[in-house]
Amino acid sequence: MKTRTLIAGLLASAALTFGAQAASAKTLDVVVSFTVLGDVVKNVGGDHVAVKSLVPPNGDPHEFEPSPTDAKALGAADLAFVSGDGLETWFARLAKAAGYKAKPVMVSAGIKTHEMDEDGQKVTDPHVWNSAQNVIVWVGNIEKALAAADPAAAADFKANAERYTKELSELNAYAHSKFDAIPRDRRKVLTSHDAFGYFAREYGVTFLSPLGVSTEAEPSAGGVAKLIDQIKREQVKVYFFENSNDPRLIRQIAEATGARPGGDLYPEALSAADGPTPTYVKMLRYNVDQIAAAITQ
C-alpha cells in the first residue's frame, strides 16, 4: 500500500511539474514589418516566438501594399514590431483594417538618428539597421518587449540577447577591419537610393544615389544631371544594384558616368532562404564584403 501511495504521489508531482512547464512554454505569435527585423526578433525570441514578416524576402518596405491575409495575421498577433522613423508608412492603415489596437513596439527607440534633405524638406533616415551598433539597440528593445509579454521565458530572452549582441559586436568589428585600411578617398560608391546613411556614418563610406531615403520618390531630370556631374567630379568608379529596387535608373546613370558594376547589395530586405543573405548577420557581412572588394579593385 505504501509503495502504491508513493508512486501515486510521484506521478501527481510529475504531472504538476509537466503542467507548469507546458503553461510557461507558450509560443508568442509575433508580426514584424519586414524581414531584417523578423530575423533579429527570431534570434532574441528563439523557440518562444513564431514570427511572420509582412514584407516578404526581397520586398521593398517603402512601397509595400498589405493584403487581407496580412491584416488577418496582424489581428491575431500577440505582439507587433516595427522599425519606425517613417519606414512603415503603411502600418497604421493596416492596423486599422486589422482591428489591431495595441501599440506596436518601435525597436529603433533610443537610436541616434540623423536627418536628410529631400525635396527641400528635412526627413529622418529610417535605415538604422545598416549599422550593427544600432541593431544592438534593437536587441535590447526586443528583449524588453518579449519579456513583458512572456515573463516565464525572460531568462531565455536575456540569454539569447546576450549571445546575439556578442555576435553583432564581432560583426561590427569585422566591418571596421575591412574598411579602416582603405583610404577614405576610395570609399565611394553609387547605389539606387539613400539607404546606407548609417553604414556611411559607422564605417566611413560615401554613398551617392539618385533617390532619397524612400524609393517612392521621383528624381528630377535636373537632379539626375547634377548627380552625374558629381559622380564624374568625385571619380566614383563603382555602382551597385539593390535587391528590392528597380535597377533601370541606376543603370542609366552608370552608363553616363562610366562606373563599373559591383554587384547587388541588400540594404533593407533579406534574400530568400536559399539566397546569399537569409539572415541579418549574413546580409551586413555580405554588403561589407561586396563594397570593400569593389572599391579596392
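Identify the residue in the stretch 113-162 that is polar (S, T, N, Q) and surrounded by fewer than 22 Cβ atoms within 10 Å (Cβ to Cβ) and, among all such residues, is farthest from K26 (Cα to Cα).
In the first step, residues of the stretch 113-162 are kept if they are polar (S, T, N, Q); the result is 113, 121, 124, 130-131, 133-134, 141, 160.
So of that shortlist, the ones also surrounded by fewer than 22 Cβ atoms within 10 Å (Cβ to Cβ) come out as 113, 121, 124, 133, 141.
Details: T113: 35, Q121: 46, T124: 37, Q133: 31, N141: 21 Å.
Here the answer is Q121.
Condition (residue is part of a loop (DSSP other than H, G, I, E, B), at pLDDT 70 or above and farther than 26 Å from E88 by Cβ) applied to the stretch 281-292: is it met by at least one residue? The answer is no, given that none of the residues of the stretch 281-292 is part of a loop (DSSP other than H, G, I, E, B), at pLDDT 70 or above and farther than 26 Å from E88 by Cβ.
Condition check: part of a loop (DSSP other than H, G, I, E, B) and modelled with pLDDT under 90. Does Q252 satisfy that?
For Q252, the condition - part of a loop (DSSP other than H, G, I, E, B) and modelled with pLDDT under 90 - is not met.
Entry remark, the stretch 268-297: residues being buried (at least 22 other Cβ atoms within 10 Å of the Cβ) and either farther than 21 Å from R184 by Cβ or assigned by TED's automatic domain parsing to the domain that holds W138 (or both) number 6 in total.
The values are calculated or read from the model by the stated rules, or taken from the named source; none is laboratory data. Being a predicted model, the structure only gives us computed values, none of them experimental. Backbone-built Cβ (ideal geometry, glycine too); neighbour counts: all protein chains shown.
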